[in-house]
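The values are calculated or read from the model by the stated rules, or taken from the named source; none is laboratory data. Just so it is clear, the model here is predicted, and its values are computed rather than measured. Glycine gets a Cβ as well: all are built from the backbone with ideal geometry, and neighbour counts include every protein chain shown. What goes into the accessible areas is simple: the full protein's heavy atoms, side chains included, and nothing from ligands, DNA or RNA. Shrake-Rupley method; radii C 1.70, N 1.55, O 1.52, S 1.80 Å.
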Amino acid sequence: MQIEPQAFDRVLSSMCTEPHPVAREAAERFLATNPGDPGTYPAISSLEDDAIEQLGEIAGLADPAGYVTSGGTEANIQAVRIARERAETATPTVVMPESGHFSFQKAATLLEVDLQLVPTDDDHRADLEAVRACVDDDTALIVGVAGTTEYGRVDPIPELGDIAQSVDAMLHVDAAWGGFVLPFTDHDWNFEHAPVDTMAIDPHKMGQAAVPAGGLLVRAESLLDELAVDTPYLESTSQATLTGTRSGAGVASAVAAMDELWPAGYREQYTRSQANAEWLADALTARGYDVVAPELPLVAADVPAATFEALRDAGWRISRTGTDDLRIVCMPHVTREMLEAFVADLDDLGGQPGTAGTETSPRPAETGPAGANLNSASPSGGSETDQSRTCRNGPTPGSPGDSSSD
(Lines give C-alpha, C1' and ligand atoms only; values in the text may rest on other atoms or scores of the structure.)
Protein backbone atom coordinates (compact mmCIF):
# COMPACT_ATOMS: atom_id res chain seq x y z
CA MET A 1 0.00 0.00 0.00
CA GLN A 2 1.35 3.41 -0.95
CA ILE A 3 1.36 5.91 1.92
CA GLU A 4 0.78 9.56 1.10
CA PRO A 5 2.87 12.26 2.82
CA GLN A 6 1.20 14.57 5.31
CA ALA A 7 -0.34 17.68 3.85
CA PHE A 8 0.93 21.08 4.98
CA ASP A 9 -2.49 22.76 5.15
CA ARG A 10 -2.58 22.73 8.98
CA VAL A 11 1.14 22.77 9.79
CA LEU A 12 1.95 25.93 11.74
CA SER A 13 4.82 24.80 13.97
CA SER A 14 7.45 23.50 11.55
CA MET A 15 10.47 25.34 10.20
CA CYS A 16 10.44 23.07 7.17
CA THR A 17 8.13 23.71 4.26
CA GLU A 18 7.04 22.35 0.92
CA PRO A 19 9.95 22.55 -1.53
CA HIS A 20 9.68 24.80 -4.54
CA PRO A 21 8.69 22.80 -7.67
CA VAL A 22 12.10 23.32 -9.29
CA ALA A 23 13.80 22.13 -6.10
CA ARG A 24 11.62 19.03 -5.98
CA GLU A 25 12.45 18.15 -9.60
CA ALA A 26 16.19 18.68 -9.08
CA ALA A 27 16.17 16.55 -5.93
CA GLU A 28 14.62 13.65 -7.78
CA ARG A 29 17.14 13.83 -10.63
CA PHE A 30 20.19 13.82 -8.33
CA LEU A 31 18.81 11.47 -5.68
CA ALA A 32 21.38 8.68 -6.19
CA THR A 33 24.52 10.82 -6.51
CA ASN A 34 26.94 11.18 -3.59
CA PRO A 35 28.65 14.53 -2.98
CA GLY A 36 30.60 12.79 -0.22
CA ASP A 37 32.69 11.17 -2.96
CA PRO A 38 33.46 14.12 -5.26
CA GLY A 39 36.07 12.21 -7.25
CA THR A 40 33.45 9.73 -8.42
CA TYR A 41 30.59 12.21 -8.70
CA PRO A 42 32.13 15.42 -10.08
CA ALA A 43 28.83 16.83 -11.39
CA ILE A 44 27.22 17.01 -7.95
CA SER A 45 30.52 18.23 -6.49
CA SER A 46 30.43 21.14 -8.91
CA LEU A 47 26.85 21.88 -7.93
CA GLU A 48 27.88 21.92 -4.28
CA ASP A 49 30.48 24.57 -5.12
CA ASP A 50 27.67 26.57 -6.73
CA ALA A 51 25.53 26.15 -3.62
CA ILE A 52 28.27 27.48 -1.35
CA GLU A 53 28.88 30.43 -3.67
CA GLN A 54 25.20 31.36 -3.53
CA LEU A 55 24.97 30.87 0.22
CA GLY A 56 28.01 33.10 0.57
CA GLU A 57 26.29 35.82 -1.45
CA ILE A 58 23.21 35.58 0.75
CA ALA A 59 25.32 35.69 3.94
CA GLY A 60 27.71 38.47 2.88
CA LEU A 61 30.80 36.32 2.38
CA ALA A 62 32.79 37.19 -0.74
CA ASP A 63 35.02 34.11 -0.87
CA PRO A 64 32.98 31.42 0.86
CA ALA A 65 33.90 27.88 1.80
CA GLY A 66 31.83 25.15 3.40
CA TYR A 67 29.48 22.38 2.37
CA VAL A 68 25.82 21.38 2.18
CA THR A 69 24.93 19.66 5.46
CA SER A 70 21.94 17.62 6.54
CA GLY A 71 20.67 20.66 8.44
CA GLY A 72 21.41 23.15 11.17
CA THR A 73 22.24 20.48 13.74
CA GLU A 74 25.13 19.13 11.68
CA ALA A 75 26.41 22.62 10.89
CA ASN A 76 26.30 23.61 14.57
CA ILE A 77 28.12 20.44 15.65
CA GLN A 78 30.80 21.05 13.03
CA ALA A 79 31.24 24.67 14.14
CA VAL A 80 31.84 23.51 17.72
CA ARG A 81 34.24 20.88 16.41
CA ILE A 82 36.27 23.49 14.50
CA ALA A 83 36.45 25.72 17.56
CA ARG A 84 37.50 22.84 19.80
CA GLU A 85 40.28 21.81 17.44
CA ARG A 86 41.60 25.37 17.19
CA ALA A 87 41.41 26.11 20.91
CA GLU A 88 44.69 26.51 22.76
CA THR A 89 43.22 25.36 26.06
CA ALA A 90 42.78 21.81 27.30
CA THR A 91 39.31 22.70 28.64
CA PRO A 92 37.50 24.58 25.85
CA THR A 93 34.09 26.05 26.54
CA VAL A 94 31.24 27.29 24.35
CA VAL A 95 29.26 30.34 25.53
CA MET A 96 25.71 30.59 24.21
CA PRO A 97 22.47 32.40 25.11
CA GLU A 98 19.77 30.22 26.60
CA SER A 99 17.77 30.76 23.40
CA GLY A 100 20.28 28.67 21.44
CA HIS A 101 19.20 25.51 19.68
CA PHE A 102 19.29 22.13 21.40
CA SER A 103 21.77 20.87 18.80
CA PHE A 104 24.53 22.55 20.81
CA GLN A 105 23.78 20.18 23.68
CA LYS A 106 24.38 17.33 21.26
CA ALA A 107 27.62 18.97 20.18
CA ALA A 108 28.78 19.46 23.76
CA THR A 109 28.08 15.84 24.66
CA LEU A 110 29.64 14.35 21.53
CA LEU A 111 32.72 16.57 21.60
CA GLU A 112 33.12 16.71 25.39
CA VAL A 113 33.21 20.48 25.64
CA ASP A 114 31.65 22.58 28.36
CA LEU A 115 28.52 24.46 27.22
CA GLN A 116 27.91 27.62 29.24
CA LEU A 117 24.42 29.14 29.00
CA VAL A 118 23.84 32.84 29.61
CA PRO A 119 20.50 34.61 30.09
CA THR A 120 18.58 36.52 27.48
CA ASP A 121 17.24 40.02 28.01
CA ASP A 122 13.62 41.17 28.23
CA ASP A 123 13.29 40.90 24.44
CA HIS A 124 14.66 37.35 24.26
CA ARG A 125 18.09 38.35 22.89
CA ALA A 126 21.52 37.45 24.28
CA ASP A 127 22.34 39.55 27.34
CA LEU A 128 25.69 41.10 26.43
CA GLU A 129 26.72 41.83 30.01
CA ALA A 130 26.07 38.21 30.92
CA VAL A 131 28.19 37.10 27.97
CA ARG A 132 31.03 39.41 28.99
CA ALA A 133 30.89 38.07 32.53
CA CYS A 134 31.00 34.48 31.31
CA VAL A 135 33.89 34.46 28.83
CA ASP A 136 37.46 33.73 29.88
CA ASP A 137 40.67 32.21 28.55
CA ASP A 138 38.95 28.83 28.09
CA THR A 139 36.25 30.25 25.80
CA ALA A 140 36.72 28.68 22.37
CA LEU A 141 33.43 29.74 20.79
CA ILE A 142 30.65 32.26 21.29
CA VAL A 143 27.31 31.46 19.66
CA GLY A 144 24.87 34.09 18.43
CA VAL A 145 21.46 33.28 16.98
CA ALA A 146 20.08 35.11 13.95
CA GLY A 147 16.46 34.07 14.09
CA THR A 148 15.79 32.17 17.33
CA THR A 149 13.65 29.08 17.12
CA GLU A 150 11.12 30.11 19.74
CA TYR A 151 10.70 33.88 19.29
CA GLY A 152 12.39 34.74 15.98
CA ARG A 153 14.83 37.14 17.62
CA VAL A 154 18.25 38.27 16.34
CA ASP A 155 21.08 38.47 18.84
CA PRO A 156 23.45 41.51 18.73
CA ILE A 157 25.93 39.78 16.44
CA PRO A 158 28.53 42.58 16.00
CA GLU A 159 28.77 43.06 19.76
CA LEU A 160 29.15 39.31 20.28
CA GLY A 161 31.92 39.40 17.69
CA ASP A 162 33.72 42.10 19.67
CA ILE A 163 33.48 40.00 22.82
CA ALA A 164 34.77 36.93 20.98
CA GLN A 165 37.77 38.85 19.69
CA SER A 166 38.53 40.19 23.17
CA VAL A 167 39.21 36.64 24.40
CA ASP A 168 40.55 35.24 21.12
CA ALA A 169 37.48 33.04 20.64
CA MET A 170 35.61 32.19 17.47
CA LEU A 171 32.11 33.46 16.65
CA HIS A 172 29.45 31.15 15.22
CA VAL A 173 26.09 32.45 13.99
CA ASP A 174 23.16 30.07 13.88
CA ALA A 175 21.10 31.50 11.02
CA ALA A 176 19.61 28.14 10.06
CA TRP A 177 16.09 29.57 9.88
CA GLY A 178 16.69 33.31 9.67
CA GLY A 179 19.36 33.34 6.98
CA PHE A 180 16.94 33.46 4.04
CA VAL A 181 14.80 36.31 5.44
CA LEU A 182 17.37 38.51 7.20
CA PRO A 183 18.88 39.88 3.94
CA PHE A 184 15.65 41.84 3.51
CA THR A 185 15.73 43.43 6.98
CA ASP A 186 17.87 46.06 8.71
CA HIS A 187 19.52 43.59 11.07
CA ASP A 188 23.29 43.20 11.34
CA TRP A 189 23.78 39.46 11.28
CA ASN A 190 26.22 38.23 8.60
CA PHE A 191 29.90 38.03 7.64
CA GLU A 192 29.92 41.63 6.39
CA HIS A 193 28.46 42.97 9.60
CA ALA A 194 30.66 41.22 12.14
CA PRO A 195 33.78 39.04 12.55
CA VAL A 196 31.78 35.86 12.03
CA ASP A 197 33.92 32.73 11.61
CA THR A 198 31.27 30.09 10.92
CA MET A 199 27.55 30.08 10.13
CA ALA A 200 24.67 27.63 9.86
CA ILE A 201 22.20 28.60 7.12
CA ASP A 202 19.61 26.13 5.81
CA PRO A 203 18.18 26.15 2.29
CA HIS A 204 15.56 23.58 3.35
CA LYS A 205 13.85 26.07 5.67
CA MET A 206 12.90 29.48 4.28
CA GLY A 207 15.08 28.71 1.24
CA GLN A 208 12.44 26.20 0.00
CA ALA A 209 14.88 23.41 -0.94
CA ALA A 210 14.04 19.77 -0.37
CA VAL A 211 14.93 18.21 2.99
CA PRO A 212 17.73 17.60 3.87
CA ALA A 213 19.67 20.64 2.68
CA GLY A 214 21.44 22.62 5.38
CA GLY A 215 24.56 24.70 5.05
CA LEU A 216 27.85 25.30 6.87
CA LEU A 217 29.75 28.41 5.81
CA VAL A 218 33.26 29.26 7.01
CA ARG A 219 35.08 32.54 6.55
CA ALA A 220 38.35 30.84 5.54
CA GLU A 221 38.71 27.49 3.79
CA SER A 222 41.55 26.63 6.18
CA LEU A 223 38.94 26.22 8.93
CA LEU A 224 37.72 23.09 7.14
CA ASP A 225 41.16 21.55 7.68
CA GLU A 226 40.16 21.05 11.31
CA LEU A 227 37.45 18.67 10.11
CA ALA A 228 39.33 16.79 7.39
CA VAL A 229 40.09 13.07 7.54
CA ASP A 230 41.87 10.87 4.98
CA THR A 231 39.66 8.77 2.70
CA PRO A 232 42.06 6.22 1.17
CA TYR A 233 39.52 4.03 -0.63
CA LEU A 234 37.69 6.88 -2.38
CA GLU A 235 38.74 8.65 -5.56
CA SER A 236 39.06 11.82 -3.45
CA THR A 237 41.74 11.82 -0.76
CA SER A 238 40.08 13.59 2.17
CA GLN A 239 36.69 14.61 3.52
CA ALA A 240 35.65 17.39 5.90
CA THR A 241 31.97 16.51 6.25
CA LEU A 242 30.37 14.75 9.21
CA THR A 243 28.00 12.32 7.54
CA GLY A 244 30.21 11.00 4.73
CA THR A 245 27.79 9.59 2.17
CA ARG A 246 25.12 12.15 1.33
CA SER A 247 22.39 12.24 -1.27
CA GLY A 248 22.90 14.77 -4.02
CA ALA A 249 19.21 15.58 -3.74
CA GLY A 250 19.77 18.24 -1.10
CA VAL A 251 22.63 19.87 -2.99
CA ALA A 252 20.80 19.96 -6.31
CA SER A 253 17.54 21.17 -4.84
CA ALA A 254 19.31 23.94 -2.93
CA VAL A 255 20.98 25.21 -6.10
CA ALA A 256 17.73 24.99 -8.06
CA ALA A 257 15.77 26.89 -5.40
CA MET A 258 18.38 29.63 -5.04
CA ASP A 259 18.74 29.99 -8.82
CA GLU A 260 14.99 30.41 -9.06
CA LEU A 261 14.32 32.65 -6.06
CA TRP A 262 17.39 34.70 -5.10
CA PRO A 263 16.90 37.53 -4.52
CA ALA A 264 13.51 38.71 -5.83
CA GLY A 265 11.54 35.56 -5.04
CA TYR A 266 12.87 35.35 -1.52
CA ARG A 267 12.15 39.04 -0.97
CA GLU A 268 8.55 38.56 -2.08
CA GLN A 269 8.20 35.51 0.15
CA TYR A 270 9.64 37.32 3.17
CA THR A 271 7.26 40.24 2.61
CA ARG A 272 4.29 37.86 2.42
CA SER A 273 5.35 35.79 5.45
CA GLN A 274 6.08 38.85 7.58
CA ALA A 275 2.72 40.38 6.66
CA ASN A 276 1.01 37.12 7.66
CA ALA A 277 2.83 37.09 10.99
CA GLU A 278 1.87 40.68 11.72
CA TRP A 279 -1.74 40.00 10.74
CA LEU A 280 -1.87 37.04 13.11
CA ALA A 281 -0.23 39.00 15.93
CA ASP A 282 -2.82 41.77 15.50
CA ALA A 283 -5.67 39.23 15.44
CA LEU A 284 -4.48 37.58 18.65
CA THR A 285 -3.87 40.92 20.37
CA ALA A 286 -7.37 42.07 19.44
CA ARG A 287 -8.72 38.99 21.20
CA GLY A 288 -6.91 39.82 24.41
CA TYR A 289 -3.94 37.48 24.17
CA ASP A 290 -0.48 38.60 25.24
CA VAL A 291 1.64 38.50 22.05
CA VAL A 292 5.39 38.68 21.46
CA ALA A 293 5.62 41.02 18.47
CA PRO A 294 6.99 39.28 15.36
CA GLU A 295 10.42 40.66 14.50
CA LEU A 296 10.69 37.91 11.86
CA PRO A 297 7.83 35.72 10.56
CA LEU A 298 7.17 33.97 13.88
CA VAL A 299 4.43 34.69 16.42
CA ALA A 300 4.25 33.67 20.08
CA ALA A 301 1.22 34.25 22.33
CA ASP A 302 -0.13 33.17 25.74
CA VAL A 303 -2.95 30.91 24.56
CA PRO A 304 -4.36 28.81 27.44
CA ALA A 305 -3.29 25.19 27.69
CA ALA A 306 -6.83 23.85 27.27
CA THR A 307 -7.32 25.92 24.13
CA PHE A 308 -3.95 24.78 22.78
CA GLU A 309 -4.92 21.12 23.22
CA ALA A 310 -8.32 21.71 21.64
CA LEU A 311 -6.65 23.26 18.59
CA ARG A 312 -4.35 20.26 18.30
CA ASP A 313 -7.33 17.94 18.56
CA ALA A 314 -8.86 19.91 15.68
CA GLY A 315 -5.84 18.97 13.55
CA TRP A 316 -3.63 22.04 13.86
CA ARG A 317 0.06 21.22 14.14
CA ILE A 318 1.20 23.80 16.70
CA SER A 319 3.87 23.89 19.41
CA ARG A 320 4.76 25.75 22.60
CA THR A 321 7.82 27.62 23.80
CA GLY A 322 9.55 26.63 27.02
CA THR A 323 7.39 29.14 28.91
CA ASP A 324 4.20 27.71 27.38
CA ASP A 325 3.53 30.37 24.78
CA LEU A 326 1.84 29.21 21.60
CA ARG A 327 4.39 29.35 18.76
CA ILE A 328 3.44 29.74 15.08
CA VAL A 329 5.97 29.98 12.25
CA CYS A 330 4.76 31.69 9.08
CA MET A 331 6.63 29.53 6.58
CA PRO A 332 6.13 29.82 2.79
CA HIS A 333 3.31 27.25 2.84
CA VAL A 334 1.37 29.24 5.47
CA THR A 335 -1.26 31.35 3.71
CA ARG A 336 -3.56 34.08 5.00
CA GLU A 337 -6.47 31.70 4.45
CA MET A 338 -4.84 29.13 6.75
CA LEU A 339 -4.37 31.73 9.45
CA GLU A 340 -7.94 32.96 9.09
CA ALA A 341 -9.17 29.38 9.52
CA PHE A 342 -6.92 28.95 12.55
CA VAL A 343 -8.22 32.13 14.19
CA ALA A 344 -11.81 31.05 13.46
CA ASP A 345 -11.16 27.76 15.26
CA LEU A 346 -9.49 29.67 18.09
CA ASP A 347 -12.64 31.77 18.44
CA ASP A 348 -14.79 28.62 18.55
CA LEU A 349 -12.55 26.67 20.93
CA GLY A 350 -10.73 29.36 22.91
CA GLY A 351 -10.77 29.95 26.61
CA GLN A 352 -10.17 33.28 28.27
CA PRO A 353 -6.72 34.84 27.72
CA GLY A 354 -4.53 34.78 30.82
CA THR A 355 -6.02 31.60 32.33
CA ALA A 356 -4.14 28.53 33.54
CA GLY A 357 -1.30 27.33 31.39
CA THR A 358 -0.32 30.75 30.06
CA GLU A 359 2.78 31.52 32.07
CA THR A 360 4.85 34.26 30.43
CA SER A 361 7.12 35.36 33.28
CA PRO A 362 10.56 33.81 33.87
CA ARG A 363 10.51 30.40 35.48
CA PRO A 364 12.32 29.94 38.80
CA ALA A 365 15.89 28.69 38.71
CA GLU A 366 15.03 25.29 40.17
CA THR A 367 13.26 24.24 36.97
CA GLY A 368 16.63 23.94 35.24
CA PRO A 369 19.05 26.18 33.37
CA ALA A 370 17.83 29.61 32.44
CA GLY A 371 15.37 29.27 29.61
CA ALA A 372 15.47 25.46 29.49
CA ASN A 373 13.06 24.64 26.69
CA LEU A 374 12.51 22.53 23.62
CA ASN A 375 15.01 24.63 21.68
CA SER A 376 17.62 25.34 24.32
CA ALA A 377 20.74 23.48 25.31
CA SER A 378 19.03 21.42 28.01
CA PRO A 379 16.75 19.10 26.04
CA SER A 380 15.18 17.54 29.11
CA GLY A 381 13.58 20.83 30.09
CA GLY A 382 14.90 20.18 33.57
CA SER A 383 18.32 19.34 34.93
CA GLU A 384 21.58 20.34 33.34
CA THR A 385 23.99 17.76 31.99
CA ASP A 386 27.73 17.55 32.53
CA GLN A 387 28.26 19.50 29.29
CA SER A 388 25.54 22.13 29.83
CA ARG A 389 25.23 24.56 32.72
CA THR A 390 24.33 28.13 33.45
CA CYS A 391 27.49 30.20 33.33
CA ARG A 392 28.94 30.35 36.82
CA ASN A 393 30.55 33.71 36.13
CA GLY A 394 27.36 35.36 34.89
CA PRO A 395 24.21 36.56 36.66
CA THR A 396 22.43 33.90 38.68
CA PRO A 397 18.97 33.25 37.21
CA GLY A 398 16.34 34.79 39.42
CA SER A 399 18.78 37.14 41.14
CA PRO A 400 18.54 40.95 41.08
CA GLY A 401 19.55 42.20 37.68
CA ASP A 402 18.72 38.94 35.90
CA SER A 403 16.78 39.88 32.76
CA SER A 404 16.04 36.37 31.56
CA SER A 405 12.56 36.07 30.12
CA ASP A 406 12.64 32.83 28.13
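Output the residues belonging to the range 151-165 that are open to solvent by 30 Å² or more (accessible area, probe 1.4 Å) and either touching a Phe, Trp or Tyr at 6+ places or on another chain (Cβ under 8 Å) or under 18 Å from residue 223 (Cβ atoms) (or both). The answer is 165, and nothing else. Can you say whether residue 168 is open to solvent by less than 10 Å² (accessible area, probe 1.4 Å) and either of a type in the set (D, E, K, R) or closer than 16 Å to residue 61 by Cβ (or both), as far as the supplied structure shows? So residue 168 does not fit the description; no.
For the range 230-276, give me the residue count where each residue is hydrophobic (A, V, I, L, M, F, W, C), crowded, with 16+ Cβ neighbours inside 10 Å and either under 18 Å from residue 54 (Cβ atoms) or modelled with pLDDT of 95 or more (or both).
Of the residues in the range 230-276, the ones hydrophobic (A, V, I, L, M, F, W, C) are 234, 240, 242, 249, 251-252, 254-258, 261-262, 264, 275.
From what's left, crowded, with 16+ Cβ neighbours inside 10 Å: 234, 240, 242, 249, 251-252, 254-258, 261-262.
Narrowing the set further to residues that are either under 18 Å from residue 54 (Cβ atoms) or modelled with pLDDT of 95 or more (or both) leaves 249, 251-252, 254-258, 261-262.
Number of matching residues: 10.
Restricting attention to the range 66-84 and to residues that are among the hydroxyl-bearing types (Ser, Thr, Tyr) and outside any loop (DSSP other than H, G, I, E, B), the residue that is surrounded by the most Cβ atoms within 10 Å (Cβ to Cβ) turns out to be 67. Pairing each residue of the range 279-293 that is closer than 14 Å to residue 327 by Cβ with any residue that is open to solvent by 70 Å² or more (accessible area, probe 1.4 Å) and part of a helix (DSSP H, G or I), provided the two are 6+ apart or on different chains, yields C-beta distances under 8 Å for 291/285. When residue 133 is tested against the conditions (1) open to solvent by 10 Å² or more (accessible area, probe 1.4 Å); (2) in a loop (DSSP other than H, G, I, E, B), the lone failure is (2). Residues in the range 195-218 that are open to solvent by 10 Å² or more (accessible area, probe 1.4 Å), touching a Leu at 6+ places or on another chain (Cβ under 7 Å) and more than 16 Å from residue 81 (Cβ to Cβ): 195, 208.
Residues in the range 295-321 that are over 16 Å from the mean Cα position of the chain (by Cα) and in a loop (DSSP other than H, G, I, E, B): 302, 303, 304, 314, 315, 316, 318.
Just one residue in the set 313, 302, 345 is open to solvent by less than 30 Å² (accessible area, probe 1.4 Å) and at pLDDT 95 or above; that residue is 302.
How about the range 88-108: which of its residues are out of contact with any helix residue (DSSP H, G or I) (no Cβ under 7 Å at 6 or more places or on another chain) and open to solvent by 30 Å² or more (accessible area, probe 1.4 Å)? 88, 89, 90, 91, 102, listed by residue number.
Total residues in the range 88-106 satisfying the condition of being in a loop (DSSP other than H, G, I, E, B) and in contact with a Pro (Cβ under 8 Å, 6 or more places away or on another chain): the figure is 2.
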